[in-house]
Ligand SMILES: [Zn+2]
């Protein structure tokens, strides 16, 4: 039996009226927009085009960024690394300057030295009356005779233009010798047997 009203006066009368909930009309009235003018349309189109251009530009920027990421780069250096490298450079520059100064100083000392035994300006000795040189000669293990001035430490190697002149002169000291070495490649051993200034 459908839900109905309680029977009224006439029980035989069956109500057929089923209460139906009132349907509320929710559909709002469609908002009526004013018709678009040509200017409005043009404005909209212009705005869309602007968006499109902006989007294209963003895409291009993104592509550039991706490409940039793929490009190998030099490692980023920390502040400490940069400072260390600068210090190292300063140190090297100073070292080079020091060596240059030392060499200039040595050259000066060689130039003022008479290379005569006892001629040292700051020494107490007497200049050798026989004029014997202050070069101390040493024969190394492949037979090369090297002269070192005992006053100014000038080194005479056989390829020095002054070598023969001083080698002929009698020296104050006795020749010192190293043991003899048998070598297979004499020229090579000869070259390697002497230390040279770089
Ligand atoms: Zn000397």
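Coordinate-derived values only; no laboratory data. Please read all numbers here as calculations on a predicted model, not as lab measurements. No Cβ is skipped: glycine too gets one built from the backbone with ideal geometry, and neighbour counts run over all protein chains shown.
Taking the range 157-193 as the range and being farther than 24 Å from residue 115 by Cα and surrounded by fewer than 11 Cβ atoms within 10 Å (Cβ to Cβ) as the test, the residues that pass are 179, 182, 184, 185, 187. The set of residues in the range 133-160 being in a loop (DSSP other than H, G, I, E, B), within 16 Å of the ligand (Cβ to nearest atom) and on the phi < 0 side of the Ramachandran plot consists of 134, 150, 151, 152, 154, 157, 160.
Would you call residue 176 touching a residue at least 12 places away in the same chain (Cβ under 8 Å) and within 13 Å of the ligand (Cβ to nearest atom)? For residue 176, the condition - touching a residue at least 12 places away in the same chain (Cβ under 8 Å) and within 13 Å of the ligand (Cβ to nearest atom) - is not met. Out of the residues in the range 101-132 meeting the condition of being on the phi > 0 side of the Ramachandran plot and surrounded by fewer than 18 Cβ atoms within 10 Å (Cβ to Cβ), tell me which one is farthest from the ligand (Cβ to nearest atom). Only one residue tops the list, namely 131.
Checking every residue in the range 178-185 against the condition of being within 26 Å of residue 120 (Cβ to Cβ) and part of a loop (DSSP other than H, G, I, E, B) gives zero matches.
Taking the condition over 19 Å from residue 130 (Cα atoms) and surrounded by 16 or more Cβ atoms within 10 Å (Cβ to Cβ), does residue 154 pass? For residue 154, the condition - over 19 Å from residue 130 (Cα atoms) and surrounded by 16 or more Cβ atoms within 10 Å (Cβ to Cβ) - is met.
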